[in-house]
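Inspection log for the structure reproduced underneath, given as structure tokens.
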Amino acid sequence: MKSSVSLTHALKVTIAIASLSFGLMACGNSGNSSNATPAATKKLVLTGSSTIAPLASELAKRYESQHADVRIDVQSGGSSRGIVDARQGSADIGMVSRSLKPDEKDLQSFTIAQDGVAIILNKTNGIADLSNEQIVGIYTKKITNWKEVGGKDAPITVVNKAEGRSTLELFASYFKLETKEIKADSVIGENEQAIKLVAGNPDAIAYVSIGTAEYEANQSAAIKLLPMRGIEASTANILNGQFPLSRPLNLVTKTTPMGLSKEFIDFAQSKANDDIVKAQYFVPFVR
Amino acid sequence: MIKQRPRSRRSSFGEPLMQGLLWSSVLLITGAFMWLCSDIVRHGFRQLSWDFLTQLPRDTGRSGGIGPILVSTGLIIGVCLGVSIPLGVGTAVFLNEFSAPQRWLSQFLGISLDILAGVPSIVFGLFGNAFFCKTLGLGFSILSGGLTLACMVLPILIRSTQAGLQSVPNDYRLSAAALGVSRSAVLWQVLLPAAMPGLVVGLLLGIGRAIAETAALLFTSGYVDRMPTSLMDSGRALSVHIYDLAVNVAGGEQNAYGTALVLVLLLMMINGSVSWLGKRFQQTRILDV
Amino acid sequence: MTTLLKRSILSRSYGDRFVAALFQGFAIASGAIVLLIILFLLRESYPILHRVGVLRFFRDPSWHPTSGEFGAMPMLWGSLLVTLGSVLIATPLGILSAIFCQYYAPPRLAPLYRRLIELLAGIPSVVYGLWGLVVLVPLVRRIQPPGTSLLTGIWVLALMILPTIMLVADASLANVPAAYLRGAAALGLSRWAIVRGVAIPTAQAGLMTGILLAIGRAIGETMAVLMVCGNVVQVPDSLFDPVRTLTANIALEMAYAMNEHRSALFVSGLILTGLIAILVTIGEWVNRGQMYD
């Protein structure tokens, strides 16, 4: 008897709890919107490529300063997340640091800047140039010591990006490597982490976004960018289209952008904000 | 009692050997820990200032302060406690005062709390991301982070509240019953006040665990290092800030150490209050019984 | 027993019933969290488990979720090796420290030393990770590059779990009845003989619990190993090789994992939870054994 009583009890209680928690949630939501009213009424969410995120944040800051009623949240998380979030609608705008693939053509993309991918070494490393074959050799561990490519006698620390990053995809496809063939000593997530690692390890090699690398090098990170096929890795060479490993930085939306999304994309593409793009060492979009 | 160490004049070969081993391991540990602590204090202390605590981070945290990060951390802890205190205290009271230990619900709760206490924080992060962020649609927000942490600190809170309730002499309950006081009145007027030290200890331990947590927050409250304007905004906690500075920001070590020192000092204050309260708790218990 | 007493003695007014129901509700909600966690882990990992099956996670040679390889074994090995190494270092040091505090330390030193260990127990893992990254990694790199390695991970983790082992062992040694020790001393045994022959066997279950807790903490630790281990998916050949643990795998890839990749990471989480469940079961068993002794 006792157990049956406690069972009905339990049932009642679960219902009570359910309603309570929903009530709480409702309270939470209403509380938030009322909290938010004075500061911001409109919210725009951008997710995706960690390469674009700092640029988008800077753009967002300026946009917010011009529109007091808007709050723009930028979350980095890789290009594939930008695609999926834009598709599912969990973000208003996705950030994708490559061209759309054929199966992603259901999305609309808007290029806001150009970037490249370059090999970086520690500033103290004597190597000034590596051929494509040497880079492939290093990344497949056929070359494991700097002296094999004309440097000092020190083992190479190979830094690779984690699975799913578009920088890895771009790098691998340019060097015609399968991601499985790449053998690394250290696997990292963000561009900044690669730069930090190379800056702290005289024998490390990594590949990162040129924009990010130049920005960090200017913040006195001890790194240097290697030329690719003899062409210097610089924003100038991306601009004139000579640098071989370049990519567009895109904002993507599920449908033709309207309202706030459209305004922000237009804002990001407008000439007036090229200074922000340049400050992040990317190449402004050529209209 | 044990302080009267057993002494023997008959020394064997093992004795000096053990003495040496013990002292050297103690010295080794003390040395390692001095190394760690001195590094944190030495590098962190230089950064510490009022400006550091109140200003916005600049240059992705390389310079500037940790103002918004302190605010976000506070909000996350606030949400965490707001949810976990009623849930935890309620559960503890139920287990100790309303339910017999043999009941299946009590047994199930006991086991599930043990498991919950052992679940790695990163798994809480996965769960929080799937449940709070995606299923409930809260997104990367302070609310998601706080709720995830609430699940995490719940076992601590329940166990110490239970300990507090257990220490209340049964005479209190019997006398109250003899006076015809209702159960809820006994609860509010007698049991909870008497169990307060245990509750507070649990609370502080919970705050300690929550404030030190990083992995569970990475995918629930997110990375945004701006001043939050509502609980639905993403906010970066102190520990996440340390991680980001250490890993993603070239030249971020100084501010990382600064933030680490702030975090360690906060935790030391919390732990200090725990042991102080714990001692008082023991004294009152001994006096009462 | 006492609760049953309370149950029958105290009045059951309408308000009491409401309070009882409310608290029962809270209790059920607390208990439901574990189920909810398991449910969500299963739900999120279902797509990948359904499509490729569980075995692929243990048989595939490596981990390339975006090109359809889901081998989690190297990372399982990573987790186990890091844990094993750190426990092997921390257990003797922790237990020796506890013995020192209880039986050997000068009376004024023992509480000080215990204080120090308590302080270290309170340092968050991300701070250990920061220190490991800034101080230990360059140090190990000087011996053999790249520095981020199994060894660094073991080193940092050993420091992190040592306080757990030490504090639990200390508490259980303190609970050894003084009469046992006096009895042994009266037999003229040396101090070490007393510790070895009386104190340690009596406190055995407590010592085991401490070690199990430490193992649990080591397996579940994320931030420190993520920062110092290098995160290369491989079964290491030497202590200087980088490794990736199951926890670090989740933390490293979760932020941008999509679809099946994301699903595969939840499988990592499931494996971890399974490991912890095994540990909790062993823990129950150890404590039960003690009860029947």
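Please treat every number below as a calculation from the coordinates, not as lab data. Note that this is a predicted model, so its numbers are computed, not measured. Neighbour counts run over all protein chains shown; Cβ positions are idealised from the backbone, glycine included.
At q = 0.04, 0.10, 0.11 Å⁻¹, what log₁₀ I(q)/I(0) does a Debye calculation on the Cα points of the protein assembly as shown give, no solvent, two decimals?
-0.19, -1.14, -1.35
With +1 assigned to the C-beta of every Lys and Arg and -1 to the C-beta of every Asp and Glu, and no other charges, what is the dipole magnitude of region B:50-288 about the Cα centre in debye, to the nearest 20?
400
Considering the convex hull of the alpha carbon atoms of region B:10-164, report its projected area averaged over all viewing directions, in nm², one decimal.
With every direction weighted equally, the projected area is 16.7 nm².
Residues in region A:163-182, backbone N under 12 Å from the label point at residue C:62 (7 Å along the Cα-to-beta-carbon vector): list them, ranges by number please.
Inside the label zone: A:163, A:178-182.
If you bin every alpha carbon distance in region A:115-239 into 10 Å steps from zero, what whole percent lands in each bin?
The distribution over region A:115-239 is 13, 51, 34, 2, given as percents.
Averaging the inverse of every distinct alpha carbon separation and then flipping it gives the Kirkwood radius. What is it for chain A, in angstrom units?
Over chain A, the inverse of the mean reciprocal pair distance is 21.2 Å.
Non-local amide H neighbours of residue A:204 (under 5 Å, H modeled in plane, Pro and chain starts lacking H): which ones?
It is A:122, A:157, by chain and number.
Size of the dipole of the protein assembly as shown about the Cα centre, Lys and Arg at +1 and Asp and Glu at -1 on the beta carbon, nothing else charged, in debye to 20?
2360
Once you list every other residue whose beta carbon is under 12 Å from the beta carbon of residue B:275, what net charge do they have if Lys and Arg are +1 and Asp and Glu are -1? Walk me through the numbers on the way to the answer.
Values: positive: B:279, B:280, C:114, C:115; negative: C:118.
Combined, the nearby Lys, Arg, Asp and Glu give +3.
What is the pair-distance distribution P(r) of region A:79-134, computed from all Cα-Cα distances in 5 Å bins starting at 0, with each bin given as a whole percent?
The calculated distribution, bin by bin, is 4, 14, 21, 14, 9, 9, 11, 10, 7, 1.
Residues of region C:109-131 with the amide nitrogen closer than 15 Å to a label point 7 Å from the Cα of residue B:42, along Cα-to-Cβ, please.
Flagged as within label range: C:131.
Under the rule of at least 5 residues apart or a separate chain, name every residue whose amide H is placed under 5 Å from the amide H of residue B:63.
Placed amide hydrogens put B:58 under 5 Å from residue B:63.
Going through the DSSP H helices of chain B, which span 18 Å or more along their own axis at the Cα atoms while scoring at least 1.0 as a mean Kyte-Doolittle hydropathy?
B:67-93, B:104-118, B:142-166, B:192-212
Among A:43/A:101; A:161/A:224; A:183/B:134; A:183/A:278, which pairs are too far apart, with a Cα-Cα distance over 23 Å?
Over 23 Å apart, Cα to Cα: A:43/A:101; A:183/B:134; A:183/A:278.
By how many degrees, between 0 and 90 and to the nearest 10, does the Cα long axis of helix A:191-200 differ from the longest principal axis of chain A?
Its long axis makes an angle of about 50 degrees.
Give the shape of region C:11-67 as rounded, prolate or oblate, defined through the alpha-carbon gyration tensor: a ≥ b ≥ c are the square roots of its eigenvalues, a/c under 1.5 means rounded, and otherwise the shape is prolate if a/b is larger than b/c and oblate if not.
Note, shape of region C:11-67 comes out prolate.
Largest first and in whole Å, what are the equivalent-ellipsoid semi-axes of region C:233-293 based on the Cα gyration tensor, each being the root of 5 times an eigenvalue? Each step should come with its number before you reach the end.
Values: eigenvalues 207, 67, 10 Å².
Equivalent ellipsoid of region C:233-293: 32, 18, 7 Å, largest first.
For region B:99-174 and region A:137-166, what is the separation of their C-alpha centers, rounded to whole Å?
For region B:99-174 versus region A:137-166, the Cα centre distance is 47 Å.
Can you tell which of A:188, A:227, A:137 lies farthest toward the positive end of the dipole of region A:135-287, using +1 and -1 charges on the Cβ of basic and acidic side chains (Lys, Arg; Asp, Glu)?
Highest projection toward the positive end goes to A:137.
Sorting C:229, C:101, B:80, B:37 on the 10 Å Cβ count, fewest up front, what's the list?
B:37, C:101, B:80, C:229
How far is helix A:79-88 tilted off the main Cα axis of chain A, in degrees rounded to 10, range 0 to 90?
So the helix axis and the longest Cα principal axis differ by about 30 degrees.
Show me the helices of chain C, taken as full DSSP H stretches, that run 15 Å or more along their long axis by Cα and average 1.6 or above in Kyte-Doolittle hydropathy.
C:73-99, C:150-174
Largest first and in whole Å, what are the equivalent-ellipsoid semi-axes of region A:230-287 based on the Cα gyration tensor, each being the root of 5 times an eigenvalue? All intermediate terms of the calculation are to be shown ahead of the outcome.
Values: eigenvalues 140, 35, 12 Å².
Listed largest to smallest, the semi-axes of region A:230-287 are 26, 13, 8 Å.
Please arrange A:156, C:89 by counting, for each residue, the other beta carbons lying within 10 Å of its beta carbon, fewest first.
Ordered from fewest to most neighbouring Cβ atoms within 10 Å, A:156, C:89 come out as C:89, A:156.
Using only alpha carbon positions, build the gyration tensor of region B:50-132, then give the equivalent ellipsoid semi-axes as the square roots of 5 times its eigenvalues, largest first, whole angstrom.
The equivalent ellipsoid of region B:50-132 has semi-axes of 39, 16, 9 Å.
Can you work out the FRET efficiency for the pair residue A:99 and residue C:205, with r the C-beta to C-beta distance and R0 = 60 Å, to the nearest 0.05?
Efficiency computed from Cβ-Cβ geometry: 0.45.
What do you get when you divide the Cα radius of gyration of chain C by 2.2 N^0.38 Å, with N the number of residues? Intermediate results must be reported in sequence, preceding the final value.
Values: Rg = 23.6 Å, N = 293, 2.2 N^0.38 = 19.0 Å.
The reported ratio for this selection is 1.24.
How far is helix A:259-269 tilted, in degrees, relative to the longest principal axis of the Cα atoms in chain A, given as a value from 0 to 90 rounded to the nearest 10?
That works out to roughly 10 degrees.
Lys/Arg Cβ at +1, Asp/Glu Cβ at -1, dipole of region B:159-289 taken about the Cα centre: which of B:205, B:251, B:192 is farthest positive-ward?
Toward the positive end, the furthest listed residue is B:192.
Find the percent of Cα-Cα distances in chain B that exceed 22 Å, and round it to a whole number.
Details: 28127 of 41616 pairs.
So the portion of pairs separated by more than 22 Å is 68 percent.
Just want the ordering: B:241, C:261, A:67, from fewest to most Cβ atoms lying within 10 Å of their own Cβ.
Numbers: B:241 29, C:261 19, A:67 16.
Ranked by crowding around the Cβ, least crowded first: A:67, C:261, B:241.
Suppose each label sits 7 Å from its Cα in the direction of the beta carbon; what would the residue C:287-residue A:240 distance come out to in nanometres?
7.3
What is the Cα coordinate range of region C:79-219 on the first, second and third principal axes, sorted by size from largest, in whole angstrom?
57, 31, 25
Roughly what would the spin-label model give for residue B:273 and residue B:135, points 7 Å off Cα along C-beta, in nm?
3.4
Taking only DSSP H segments of four or more residues, each worth -39500 (n - 2.57), what value at 222 nm results for chain B once the sum is divided by all its residues, to the nearest 500 deg cm²/dmol?
-23000 deg cm²/dmol
Take the Cβ-Cβ distance between residue A:271 and residue A:123 as r, set R0 to 35 Å, and report the resulting FRET efficiency rounded to the nearest 0.05.
The computed FRET efficiency comes out at 0.50.
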